[in-house]
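**Q** Before anything else, here's the structure in question.
The values are calculated or read from the model by the stated rules, or taken from the named source; none is laboratory data. Given the structure is predicted, the values throughout are model-derived calculations rather than measurements. For neighbour counting, all protein chains shown are included, and Cβ atoms are generated from backbone atoms with ideal geometry for every residue, glycine included. Surface accessibility is based on the protein's heavy atoms, side chains included, excluding ligands, DNA and RNA. Shrake-Rupley method; radii C 1.70, N 1.55, O 1.52, S 1.80 Å.
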Amino acid sequence: MEEKIIADKNSLDSLYQELAKKIEVRPVKVAISSLKKKTNKQLGYYWATIVPTITKELNERGLASAMLTEADVNEVLNKKFFSKKIIVDGEIQVFARSKASADIDEMKKFLFDVINWATNLGIHIPPPLMEDVF
């Protein structure tokens, strides 16, 4: 797989020309992602608001078969919304990914997915107090 970094309009123009030539031969797949890493504000909101709120609500409502810690909830959320699926010996295995290398857009999507899931369970997640989380 070939990756290109686009830092300015000139890079974009030359990449467009290159893609136009490749498309004449065969279809191509283009993926766009940010080079900006997740932010401390995103992580702070996740660990200070989202995880404690979900943990408290799941435990108080008896929505889990056992009492959950914040670490348990983080593991569940990672496996559910920040994972990769790999076939091992013919079976699909789900592995939670680490958020350590997540970019800002991956983290935004993760936070939105978690909040939507919690909302569907009737759990209200307070909005972030700081800007630039989403």
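**Q** Name the residue, out of Gly90, Gly62, Gly44, whose mean-square fluctuation peaks in a Gaussian network model built on the chain with Cα pairs under 10 Å.
**A** Top of the fluctuation ranking is Gly90.
**Q** In region 96-134, which trypsin sites (Lys or Arg not before Pro) are in a loop and have at most 15 other Cβ atoms within 10 Å, using DSSP for the loop call?
**A** Filter output for region 96-134: Arg97.
**Q** Now for a different question. Can you tell me which aspartates and glutamates have their Cα less than 20 Å from the Cα of Lys22? Leave out same-chain residues fewer than eight positions away.
**A** Result set, ordered by chain and number: Glu2, Glu3, Asp13.
**Q** Here's something else I'd like to know. Separation of region 36-68 and region 102-134 by C-alpha centroid, Å?
**A** Taking the Cα centre of each part, region 36-68 and region 102-134 sit 10 Å apart.
**Q** May I pose another question? Return the lysines within reach of Lys21: Cα separation strictly under 23 angstrom, same-chain partners fewer than 8 residues apart disregarded; answer none if there are no such residues.
**A** Partners within reach: Lys4, Lys9, Lys29.
**Q** Next question, about the same structure. Please give the per residue accessible area of the chain, computed with a probe of 1.4 Å over protein heavy atoms only, in Å².
**A** Computed with neighbouring chains in place, this is 73 Å² per residue.
**Q** Over the chain, what is the mean sequence separation of C-alpha contacts under 8 Å (at least six apart), divided by residue count, expressed as relative contact order in percent?
**A** Value for the chain: 29 percent.
**Q** How about region 1-104: which GluC sites (Glu not before Pro) there are in a DSSP loop, with at most 16 other Cβ atoms within 10 Å of their Cβ?
**A** Glu2, Glu3
**Q** Please calculate the 1.4 Å probe accessible area of Thr39, with all protein chains present, and give it to the nearest 10 Å².
**A** 40
**Q** Which entries of Lys79/Lys109; Lys56/Lys109; Lys37/Lys99 show an alpha-carbon separation above 20 angstrom in the structure shown?
**A** With Cα atoms farther than 20 Å apart: Lys56/Lys109.
**Q** Using a 1.4 Å probe on the protein heavy atoms, what percent of the accessible area of the chain belongs to carbon and sulfur?
**A** 55
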